[in-house]
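Throughout, read-outs are computed from the coordinates displayed, never taken from laboratory work. As the structure is a prediction and not an experimental result, all values here were calculated from the model. For neighbour counting, all protein chains shown are included, and Cβ atoms are generated from backbone atoms with ideal geometry for every residue, glycine included.
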Amino acid sequence: MLHAKQTAFVFPGQGAQFVGMASALAARYHVARQTFEEADNILGFELSRLAFEGPEEQLTDTANAQPALYVAGIAALRALYESWQTDFKPAFMAGHSLGEFTALTAAGAISFPDGLKLVRRRGELMRDADLGGKGGMAAILGLTVPQVEVACSQAQEAVGEPVVVANDNCPGQVVISGHIDALQVAMKQAEASGARKTIRLAVSTAPHSPLMASAAEDFKQALNAAPFHPPRIPIVGNTTATPLSDEASIRAELSEQLIGRVRWTESVRTMLQAGVTTFVELGSGGVLTGLIKRIERNTERFVVDMPTDVEKLPPAAME
């Protein structure tokens with residue numbers, strides 16, 4: 001049994017996309033297919049075809065991957081509610097980076113069409129940020145956040161270019177982002193400090209770093225024009241790891257998020273401390289459930305991205 005006061009819904013970010021995502025849900029649940037059709041009409045192109053059939057190169061384009069993940073998350077949520085036939089309200093919503101927009105829509109803080117337009121614009125601005133091929137990201141395994149912060153600080157001082165902690169994903173998994181020259185030095189510093197492994201990620205942008213400042217400034221215009229509402233369900237924000245309670249805090253969070261750190265470990269612990277024991281990841285794959293297991297093994301974790309996932313979920317108890 002899923003108990004509302006002990007359950008959180010979470011939504012994945014960019015990197016979780018894959019060709020075929022949400023296609024089985026769309027085939028099984030009319031509301032999921034309808035969600036993609038609505039997105040196609042709003043965007044003016046067949047996002048559904050990219051998600052269901054690819055090609056992979058086009059789907060992984062930041063400007064396509066972000067709306068595809070957003071739509072997949074809402075499609076999964078709607079399929080779940082169609083199956084349950086109940087107005088289940090979890091204690092919290094949260095999303096990793098791009099997934100925060102999905103969480104905001106799921107919590108009623110922004111409409112599906114307005115949220116979709118925002119994530120498409122966000123993806124375009126991130127893709128088109130003129131870094132001249134000088135941006136990058138790397139995963140650092142086996143060090144604490146303070147240890148990685150020291151490595152980044154040393155690299156910045158040595159190179160004179162920015163590199164920062166971008167994602168605190170879970171204990172032992174930290175992602176850094178910034179100028180590639182500083183990134184490479186930070187990776188070497190981390191290895192010298194005992195990192196189990198450092199992995200350069202296959203991206204040419206530097207999200208959640210100062211190099212996204214121009215994109216963040218342009219994105220503010222889209223945020224200021226978007227109609228937000230107080231969320232019906234508390235949303236734990238990425239950059240503060242605390243609940244977003246009103247329109248002003250939501251706008252500030254989404255503006256800061258492009259250059260600020262994703263505090264996922266702290267966000268999950270905020271929900272745990274509030275009594276959450278069950279996490280349901282909606283959308284593409286099970287990236288977040290894996291991270292949550294590393295943060296706290298003594299939790300129940302479910303993924304909803306296939307019809308069988310919906311059918312296997314425990315019944316929902318309203319409280």
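Numbers for the structure displayed
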| read-out | value |
| --- | --- |
| Angle in degrees between helix 145-159 and the longest Cα principal axis of the chain, rounded to the nearest 10 | 50 degrees |
| Lysines whose Cα lies under 17 Å from that of residue 197, excluding same-chain neighbours fewer than 8 positions away | 188 |
| Least to most buried among 306, 137 (fewest other Cβ within 10 Å first) | 306, 137 |
| Largest-first principal axis extents of the Cα set of segment 1-150 (Å) | 49, 39, 25 |
| Cα gyration tensor category, rounded, prolate or oblate, for segment 270-319 with a/c compared to 1.5 | oblate |
| DSSP-defined antiparallel bridges as percent of all bridges, the chain, nearest 5 | 55 percent |
| Estimated Rh, segment 202-261: Kirkwood, alpha-carbon pairs, angstrom | 12.3 Å |
| Principal-axis tilt of helix 112-128 within the chain, Cα atoms, nearest 10 degrees | 20 degrees |
| Within segment 65-168: Cβ-based charge dipole about Cα centre, in debye rounded to nearest 20 (Lys, Arg +1; Asp, Glu -1) | 360 debye |
| Cα-based reach from residue 220 at 19 Å (exclusive), listing aspartates and glutamates while leaving out same-chain residues under 8 positions away | 100, 114, 124, 128, 130, 246, 247, 253, 256 |
| Cross-link reach list, aspartates and glutamates versus residue 89, counting only Cα pairs under 14 Å and skipping chain neighbours closer than eight places | 319 |
| Segment 184-245-segment 103-131 distance, computed between alpha-carbon centres (Å) | 14 Å |
| Using alpha-carbon coordinates, inclination of helix 62-84 to the longest axis of the chain, degrees | 30 degrees |
| Under 11 Å, Cβ to Cβ, from residue 62 - net charge with Lys/Arg +1 and Asp/Glu -1 | 0 |
| Gaussian network model of the chain, springs between alpha carbon atoms under 10 Å - residue of 94, 39, 27 with greatest fluctuation | 27 |
| With at most 14 neighbouring Cβ atoms within 10 Å, loop trypsin sites (Lys or Arg not before Pro) (DSSP) excluded, longest segment of the chain | 1-195 |
| Estimated distance in nm for a label pair at residue 4 and residue 242, the labels positioned 7 Å out from Cα along Cα-to-Cβ | 2.6 nm |
| Ellipsoid equivalent to segment 226-319 - semi-axes via the Cα gyration tensor, in Å | 25, 16, 14 |
| Cα gyration tensor, segment 135-204 - rounded (a/c under 1.5), prolate or oblate | oblate |
| Rounded Å value of the spacing that divides the Cα centres of segment 1-51 and segment 262-280 | 23 Å |
| Residues residue 224 and residue 86, FRET efficiency given R0 of 30 Å [Cβ-Cβ distance, rounded to 0.05] | 0.25 |
